Amino acid sequence: MSSSPEARPNYTESQAQFSRKAALLYAVVCGSAVASIYFSQPLLDVIAIDFGISKAIVGTIVTATQICYAIGLFLLVPLGDLLNPRRLVTGMMVLSAIALSIVSVASNTVVLFIGMGMVGFLAVVAQVLVALAAAQSSQHYRGQTIGLVTSGIVIGILLARTFSGTLSDLAGWRSVYIVSAAITVCMVGAFLIVTPASRRPSPQFSYSELLRSVKDLFVQIPLLRIRALLAFFIFSDFSILWSSMVLPMSSSPLSLSHSAIGLFGLAGVAGAVAASRAGRLADRGLGQRTTGAALLLLTASWLPIGFLQHSLWLFVVGVIMLDFAVQAVHVTNQSMILSVRPEARSRLTAGYMIFYSIGSATGAVASTWIYSWAGWFGVCILGTSISVIAFLFWGYTLKNDSNEKRFS
């Protein structure tokens with residue numbers, strides 16, 4: 001039987017209809033999964049008091065969660081190419097609910113750290129879902145679907161601190177993890193309803209060979225190397241802003257409360273939602289133009305961001321610009337790389353997201369160090385420099401990489 005779209009119009013139409021119907025739920029699941037990594041950040045003070053942990057040490061909770069997330073990217077996400085993805089996602093979500101429950105009832109620091117590590121390790125279910133969404137979508141709607149699903153991830157990151165801080169004020173920090181576990185269980189049922197059963201992929205290699213093949217994909221696919229490095233740059237910029245902005249905001253002359261600072265996440269959400277439409281441009285073969293325009297916008301965003309201590313309105317404009325640009329490049333990156341090797345989408349996602357994770361960690365460390373040395377002006381110079389490097393790198397690869405010509 002022919003596999004062309006013309007020979008199977010009914011299949012293509014139903015596949016596209018499914019992707020539009022399920023993408024919103026996938027976005028919600030992805031957002032709630034990734035948000036669980038960031039719940040603890042505004043809760044560290046109360047957790048330190050509850051467990052008698054030194055404030056100098058309690059920050060390692062965040063570090064442990066992030067390290068386990070990075071490990072999960074490498075060990076779990078590639079399994080989407082080996083196991084039945086519907087069963088894999090279901091199992092990971094159930095285990096995630098258990099991990100969140102362990103944190104909520106932890107009676108000592110050992111149990112707390114085990115639970116937090118499990119939460120980070122299993123949060124990579126969001127990346128398995130991105131690959132699954134791409135596989136479920138038709139070729140003509142894939143970029144749109146990826147755009148919507150990945151916007152859920154960015155929104156989850158931005159709103160996690162607001163959610164956990166508000167709920168903790170109302171019912172204590174443990175309620176954050178209890179409610180999140182309950183939401184995850186509900187999401188399992190909804191996920192099974194909208195995701196059709198499918199046959200398990202025929203195993204072509206062992207698990208160890210699967211992990212080794214992630215490295216092979218970087219060697220074989222120049223597009224993956226290029227887009228992974230762009231991910232490193234843009235998420236370094238993203239982390240430079242969001243990791244350091246609390247420092248000048250909470251200091252004189254602004255002296256904003258943590259609740260007020262958390263509200264600025266809504267500005268980031270606006271930019272992320274708007275940029276989800278970048279997937280449509282990628283579907284139309286305009287991925288390179290979208291990337292170039294977004295990187296220019298990313299560079300320009302640091303000008304209004306630099307006015308943080310003089311005009312919060314200009315700062316909000318800059319935040320929207322930056323989050324729009326980062327999300328537009330991120331969506332375009334994934335739309336392009338997930339179209340290259342359909343049978344390896346989970347491994348492509350894993351390899352790409354490892355650079356995202358490294359970029360986020362690098363930006364967080366660099367921004368706080370630069371702020372202590374050169375203040376907010378130094379942070380903005382750092383962010384602008386990374387943006388310019390990303391744009392120049394993209395321009396260089398556009399001229400020299402023939403593998404991307406069909407996306408121009």
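The values are calculated or read from the model by the stated rules, or taken from the named source; none is laboratory data. Everything numeric in this text was worked out from a predicted model, so none of it was measured. Backbone-built Cβ (ideal geometry, glycine too); neighbour counts: all protein chains shown. The area values use the complete protein model at the heavy-atom level, side chains included, leaving out ligands, DNA and RNA. Shrake-Rupley method; radii C 1.70, N 1.55, O 1.52, S 1.80 Å.
Odds and ends about this structure:
- Residue within the range 261-271 that is in a helix (DSSP H, G or I), touching a helix residue (DSSP H, G or I) at 6+ places or on another chain (Cβ under 9 Å) and under 17 Å from Leu338 (Cβ atoms) present: no
- One residue alone among Ala231, Ala272 is of a type outside the set (S, T, N, Q), within 21 Å of the chain's Cα centre (by Cα) and at pLDDT 80 or above, and that residue is Ala231.
- Beta carbons closer than 9 Å, at least 6 apart along the sequence or on distinct chains, never pair a first residue in the range 24-40 that is without any contact (Cβ under 8 Å) to a residue 40 or more places away in the chain and under 13 Å from Ala190 (Cβ atoms) with a second that is open to solvent by less than 10 Å² (accessible area, probe 1.4 Å) and in a helix (DSSP H, G or I).
- Residues of the range 29-50 that turn out to be in a helix (DSSP H, G or I) and open to solvent by less than 40 Å² (accessible area, probe 1.4 Å), as a count: 14
The rows are residues; the columns are (1) of a type in the set (Ser, Thr, Tyr); (2) under 22 Å from Ser208 (Cβ atoms).
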position	(1), (2)
Gly80	no, yes
Thr90	yes, no
Val111	no, no
Leu129	no, no
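Listed here are the residues, each with its yes/no results for (1) among the hydrophobic types (A, V, I, L, M, F, W, C); (2) crowded, with 16+ Cβ neighbours inside 10 Å; (3) modelled with pLDDT of 90 or more; (4) over 20 Å from Ile153 (Cα atoms).
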position	(1), (2), (3), (4)
Ala294	yes, yes, yes, no
Gln309	no, yes, no, yes
Phe315	yes, yes, yes, yes
Ile320	yes, yes, yes, no
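- When each of Ala131, Ala97, Ala126 is tested for being of a type in the set (Gly, Ala, Ser) and at pLDDT below 90, the lone residue that passes is Ala131.
- As for the range 135-146, it holds at least one residue that is at pLDDT below 85, among the aliphatic types (A, V, I, L, M) and either out of contact with any Pro (no Cβ under 6 Å at 6 or more places or on another chain) or not in a helix (DSSP H, G or I) (or both).
- Among the conditions (1) in a helix (DSSP H, G or I); (2) open to solvent by 10 Å² or more (accessible area, probe 1.4 Å), Leu83 misses just one, which is (1).
- When Thr63 is tested against (1) modelled with pLDDT under 90; (2) open to solvent by 60 Å² or more (accessible area, probe 1.4 Å); (3) over 24 Å from Ser360 (Cβ atoms), just one condition goes unmet, and that condition is (3).
- Residues of the range 272-314 that are over 19 Å from Leu148 (Cα atoms), assigned to a helix (DSSP H, G or I) and of a type in the set (Gly, Ala, Ser): Gly292, Ala293, Ala300, Ser301.
- Qualifying residue in the range 96-106 (condition: over 15 Å from Cys68 (Cα atoms), over 19 Å from the mean Cα position of the chain (by Cα) and not in a helix (DSSP H, G or I)): yes
- Met116 being under 14 Å from Val29 (Cα atoms) and open to solvent by less than 10 Å² (accessible area, probe 1.4 Å): no
- Residue in the range 220-243 that is free of Cβ contacts under 8 Å to residues at least 60 places away in the same chain, surrounded by fewer than 21 Cβ atoms within 10 Å (Cβ to Cβ) and not in a helix (DSSP H, G or I) present: no
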